[in-house]
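Notes follow once the structure below has been shown.
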Amino acid sequence: MSLANTSHSYGSIAKTFHWLTALLILTLIPLGIIANGMEYDTSEQLARKAWLFSLHKTLGVTVFFVALARIGWAIKQAKPGGLHPERKMESWLAETIHWLLYGSLVLVPLSGWVHHSATTGFAPIWWPFGQSLPFVPKSESLAALTAGLHIVFERVLAASILLHIAGALKHHFVDKDVTLRRMWFGKPALPDTKPAHHSALPLASALVAWAAALMIGSAIGVFSHHETSAQAAELGEVQSDWTVQDGTIDITITQFGNEVTGQFEDWTAAIAFDPETGTGTAEVNISIGSLTLGSVTAQAMGPDYFDSTTFPTAVFTADIAPIVDGHMATGTLTIRDKTVPIEMPFSLNVQDDTAQMSAALTLDRRDFDVGNNMADESSLKFPVNVQINLSAQR
């Protein structure tokens, strides 16, 4: 069997690419459906779900490179002509489906890969080259867009595969020709055919199909960013001697060995502080639902974790006093229905009526009954690192 194509037959390399791609895709699609539908209420369930998603992503990256190699090989090779060139409509439809297949084999894994790179956490790709792509920022909006694109392109790919299979079966059982057999290994008797004639019409038809799919996806909202913060508790105005001009409250968890950092977008601080004595008080209210935490945001809001529906806010109250090389905030932190004593050292720089404050704190999620279903650290580590930075004006 020849390695290269001829005007009437496919070579062994083209056949290998074809059936390897088919095997990967027919594994990937059900794998993604199963993984997406799995529960993750316990550590064991989450580990299984993450394992399946990692397998799905790793095979997806494999498909991307196999597809590029397949397309590169196809460009260099002669393409066997159709067995029924007189059937213009059938030939046009077959070529259109081939364009949809080739394009989707690149677009589906690429959109999934960009989505993975734009977000943080959950299931890693199993390879040694890192989890990020060049020029792809960590962005919730970009992640939402590429997740929607992945869904749309995946549906186009699935429809194209079904049509492609239907066409092959029609040739084999209805027309009883060698269309299917000449893509299989061996040496079937093949009729002489002229080299395939290339036309721009099938490509234009494929582009129209992709555009229509994108418009339908947009109409049904697959590109929408469904933020958990839409259910965030609204915090009232507070009276404070110092007004926070800007600031961040970040948390970092470790899931499956990967650090995932998120931020609370909505919080208030009532601060009374005397720079001359270095003493004062602070009360910070945090809207739990305003947290964004990469790909695990929705999970973090669930009843086994923050349970933001039942416990929409967290509260930190403290007395402030000077210590050697800084200040100490001594008080309590309430998350869910658990109140825990806290000592938080912090650095403070006061210039005229402007104060810059920075603090780092490590909490144990078990103290607040967060993730009790994750009884060990195999899926989710116990420590949660908190980083606070703010600037306040008197």
- Task: Extending each Cα 7 Å along its Cβ direction at GLN77 and ASP337, get the distance between those two points in nm, one decimal.
- Result: 6.6 nm
- A correct Kirkwood calculation over the Cα atoms of the stretch 216-308 returns a hydrodynamic radius in Å of 15.7 Å
- Mean-position separation - Cα centroids, the stretch 249-266 and the stretch 1-73, in angstrom: 32 Å
- Item | Relative contact order of the chain, defined on C-alpha pairs under 8 angstrom at six or more residues apart (%) | 15 percent
- Task: Name the residue farthest towards the positive end of the dipole of the stretch 229-393 from the options LEU361, GLN351, THR243, assuming +1 on Cβ of Lys and Arg, -1 on Cβ of Asp and Glu, about the Cα centre.
- Result: LEU361
- Message: Ranking request for peptides 259-270, 346-357, 87-98: highest mean number of other beta-carbon atoms within 10 Å first, then the rest in descending order.
- Response: 259-270, 87-98, 346-357
- Note on the structure: So the pair-distance distribution of the chain, from every Cα-Cα distance in 20 Å bins, comes to percents of 23, 40, 23, 12, 2
- Message: Quick check: Cα centre of the stretch 153-211 to Cα centre of the stretch 85-106, how many Å?
- Response: 6 Å
- Query: Could you list, bin by bin from short to long, the percent of Cα-Cα pairs of the stretch 229-393 in 5 Å steps?
  - Reply: 2, 8, 17, 23, 19, 14, 9, 5, 2, 0
- Query: With θ set to phi - 60° and the Karplus curve 6.51 cos²θ - 1.76 cosθ + 1.60, what are the ³J(HN,Hα) couplings of the stretch 255-268 in order, to the nearest whole Hz, using x for Gly and Pro?
  - Reply: 10, 6, x, 10, 7, 10, 10, x, 8, 7, 8, 10, 7, 10
- Message: Largest first and in whole Å, what are the equivalent-ellipsoid semi-axes of the stretch 93-179 based on the Cα gyration tensor, each being the root of 5 times an eigenvalue?
- Response: 35, 13, 10
- On each of the three principal axes the extent of the alpha-carbon atoms of the stretch 165-213, given in whole Å and largest first, is 40, 24, 19
- Message: What number does the stretch 277-328 give for Rg over Rh if you use C-alpha atoms and the Kirkwood radius?
- Response: 1.20
- Query: So how do 51-63, 129-141 stack up, highest first, on mean other-Cβ count within 10 Å?
  - Reply: 51-63, 129-141
- Output the relative contact order of the stretch 12-219, whole-number percent, from Cα pairs under 8 angstrom with separation of 6+ residues. 25 percent
- Item | Contour excess over end-to-end distance, with Cα ends at GLN351 and THR252 and 0.36 nm allotted per residue | 32.6 nm
- Note on the structure: Computed on Cα atoms only, the convex hull of the stretch 308-358 has an orientation-averaged projected area in nm² of 4.5 nm²
- Message: If you wrap a convex hull around the alpha carbons of the stretch 1-153, what volume per residue comes out, as a whole number of Å³?
- Response: 145 Å³
- Span-like helix ranges in the chain, DSSP H, alpha carbon extent 15 angstrom or more, Kyte mean at least 1.0: 12-37, 140-169, 200-219
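No value in this document is a laboratory result; all are computed from the given coordinates. If you're wondering where the values come from, they're calculated on a predicted model, not measured in any experiment. Positions of Cβ are generated from backbone atoms using ideal geometry, with glycine treated the same way; all protein chains shown enter the neighbour counts.
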